[in-house]
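Everything on this sheet refers to the single structure shown next.
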Amino acid sequence: MAVACLKSTDISVARFSEHQTLPPAAREASTATAIALAGVEKWYETNDGPVHALAPVDIAVRSGEMMVLLGPSGCGKTTLLRMIGGLIRPSSGAIEIAGRPLWQNGARQGEAVADLGMVFQDANLFPWLTIEDNITLPLALRKAPRPARRAKARDLMQLVGIAGFEKRWPRELSGGMRQRAAIARALSYDPDILLLDEPFGALDAMTRDAMNLELQRIWGETGKTILLVTHSINEAVFLADRVVLLSPRPGRIDTVIDVGFARPRSLEVQATPEFQQIVVALRRRLTEIA
Amino acid sequence: MTLVDTARPTAKRFDRRSLLPWITTPLLVALLIWLWQAYVRGSHISAFILPSPEAVWSAWLDLLASPRAWEHAATTVYETVIGFAWGLVIGVGLGVLIGRIAWLEKTLNPFIVAIQVVPKVAFVPLFVVWFGFGVTSKVIVSAVLAFFPILTNTVLGVKSVDIGHRDVMTSLNASRFAVFRRLELPSSLPYIITGMEVGIVLALIGAIVGEYLGGNSGLGYLLIARMNAFETDGLFAVMLQMTILGFIFYFGIGLLRRLLIPWHSSAGLEREP
C-alpha cells in the first residue's frame, strides 16, 4: 500500500506562475483535469481595510479524483470552494472547469456551472417542496417534464439510500437523511464534479461515519470528481485520494499528501498504523500552522 | 451498513390544553349574555340605550329575513373583497420590488413610515369628495387600509429569504425570474398570508367607515340608519352581522393558509442538530 510520507516540502501540486490563463502544460492535460486553478486569490473589503483571505492558489483536481481540502477555521477553504462553485468571484486568477473558464467578461459561465454540483453544510432543502421535488429542483429549472423528474428522483433516492421518502416534507427527515437528499439534488442533473462544503459537519459522529462510507460508495458508483472541504483530519484521510492542507492568514496551500489506501475503504482502515501515521503527521503540521 | 437515520414522526397530538378553548369560549359567551340579560332586567334601563339580548336576537332574525338587508350585506362584501384584492395585488407587487431593490427601499421608506403613522381613516372624507358617494370611494378606502400590512409583510418576507437557499439557486445558475418563482415567492408566502389576515379585517373596516359617511347602501349605512331611527336593537343586530362577516373573512384567509402552505406548520421549520 503506497502511503506517501509527509514532509512539509512535499508539495506535489504543480506551482503555476500567477498568470491569468493556464500554462500550456496544464492545458494539454485538461482532458484529465476536472478543476484547474491558476493564481486564484481573494481579498475582502472590510471597514478595517482589505483582508487577504486567500493567497494565490494553484490546484489541479484530476478527473474522477476525491480531493479533500483540510484546514483550520479561517484558512479560506470554504472561500476557495465557493469560488470554484461560482458563488464568489476571485479577486484575481483563473478557474477552469473541465477546460472551460468559469468566469468570462465578468459573467459566470452557465456551461461551466452545469458541470458542478454543490452540497452545503446545511442541507438547504426548500421546506415548501417535498423531498422528491427538492431533489429534482435543478431539473425543474431545466424544464424537464414531470415523469422524467419522478423517475430521476426514484433512482437518486435509491442511490443515496432514502427510497420511500419521496412525498415527505424536509422537516420530517433527520439531519443525515436531509444531507443525503441534498447530495441527490446535486447529482440530479448529472454534473461531473461534486463540491461539498463540510457536508457532514452538522451531524453526530456515528451518522458522520455512516455518511462517509455512503459518500465513498456513491463516488464509486457514479465516478464523479469530488472536492470536499472539512476540518476533520480523520474524515479527510479516510475519504481522500489527496489531502490538501491549507494554512491560515492568508489562506494558502501548505501541504499536499497522497493517500493510497485501497478502495473501497472500510472504517477499520482508520485503526491501521499507516492511517494513524498520516493523521498524526497532519495534526502536528496543523498545530504548527494554526 | 444500515441506516442510522430514522424519520421523525409528525403525528398531531391533541392534549387537553388544546381542547380547553372549545369548552371555555362558549361558556364565557353564555355567561356574558346572561350578565347582560340580568343587568337589563334588574336596572330597568331604557331599551333605547341597551336592548335585551332577546330583542337583539329577534332583530337579527328580522335582518336575516329581509332581502333588503342582504343587499346591504352584499354591497359591503363586494367593497371589501374588491378593495382587498387591489390592496393585495399592489401590496405584494410593490413589496417584492422594495424587498429586492435596496435603493428603492431607501427612497420609499420615509414615505411608507409617514403614511403608516397617519390615521388613514382621516382620508375617507377626501375619498368621498374625490370619488363620490358610490361604491368606488369605499373600495378605495378598503384597498388603502388593506395595502399597508400586506406591503410591510411582503417586504419582510422577501428580505427573510434564507441565504443558504439563495446559494442553492445561485449554484444552479437560476435566472432572476426562477429565483422569484421558486424561492422568493414560496418563502415569503407565510409572511404575505399573515399580512392578508390583518388586511382583510382592515378592508372590512374601511368599507364600513366609508359607508358611514355617505351613500345609501351597505351595512355601515344600515347601521347609521338604525341609529337615526332609535332602533337600538336593530343597531346591535347590524353590528352582529358585521362581526360575523369579519369572522368569515378571517377564517377564509386561515383556510387559504392551510391550502397554500401546508408545509409551514407551527411544528415545522425547526432544525435538528
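What follows draws every value from the coordinates through simple rules; no lab data is involved. Remember, it's a predicted structure, so these values are computed and weren't measured experimentally. Every residue, glycine among them, receives a Cβ derived from its backbone with ideal geometry; neighbour counts consider all protein chains shown.
Summary table
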read-out	value
Span-like helix ranges in chain B, DSSP H, alpha carbon extent 15 angstrom or more, Kyte mean at least -0.5	B:16-43, B:53-65, B:67-100, B:102-117, B:135-159, B:185-213, B:232-260
Simple Cβ-charge dipole of chain B, Lys/Arg +1 and Asp/Glu -1, about Cα centre, in debye nearest 20	660
Shielding by other protein chains, A:140-151, mean Cβ within 10 Å	1
Karplus-derived 3J(HN,Hα), 6.51/-1.76/1.60, for each residue of segment A:237-246, Hz, glycine and proline x	5, 5, 8, 7, 7, 9, 9, 9, 8, 9
Among A:L81, A:L37, A:L129, residue whose mean-square fluctuation peaks in a GNM of chain A (springs only between Cα atoms under 10 Å)	A:L129
Under the Karplus curve 6.51 cos²θ - 1.76 cosθ + 1.60, θ = phi - 60°, whole-Hz ³J(HN,Hα) for segment A:106-116, x wherever Gly or Pro sits	x, 10, 6, 8, x, 4, 5, 5, 5, 7, 10
R0 of 51 Å, Cβ-Cβ distance B:W34-B:W130: FRET efficiency to nearest 0.05	0.60
Amide H within-cut-off set for A:M118, under 5 Å, with H built and near neighbours excluded	A:L195
Choice from A:P199, A:P127, A:P90 with maximal GNM fluctuation in chain A (Cα, 10 Å cutoff)	A:P127
Theoretical ellipticity at 222 nm over chain B - DSSP helices of four or more residues, -39500 (n - 2.57) apiece, nearest 500	-25500 deg cm²/dmol
Listed peptides B:36-48, B:142-154 by packing density, highest first (mean Cβ within 10 Å)	B:142-154, B:36-48
Antiparallel content of DSSP bridges confined to segment A:179-269, in %, to 5	55
DSSP beta bridges in the protein assembly as shown [antiparallel fraction, %, rounded to 5]	55
The protein assembly as shown: C-alpha gyration tensor shape, a/c 1.5 cut-off, then a/b vs b/c	prolate
Reachable lysines, given that their alpha-carbon falls under 23 Å from the alpha-carbon of A:K77 and they are not under 8 places away in the same chain	A:K7, A:K42, A:K224
Whether chain A is rounded, prolate or oblate, judged on the alpha carbon gyration tensor where a/c under 1.5 counts as rounded	oblate
Other protein chain Cβ atoms within 10 Å, averaged over every residue that makes up A:118-129	6
J(HN,Hα) series, segment A:41-57, from Karplus relation 6.51 cos²θ - 1.76 cosθ + 1.60, nearest Hz, glycine and proline x	9, 9, 10, 10, 8, 10, 5, 8, x, x, 10, 8, 6, 8, 6, x, 10
Label zone at B:A65 (point 7 Å along Cα-to-Cβ), backbone N below 19 Å, segment B:235-251	B:235-241
5 angstrom amide H check on A:R62, placed H, neighbours 5+ away	A:A34
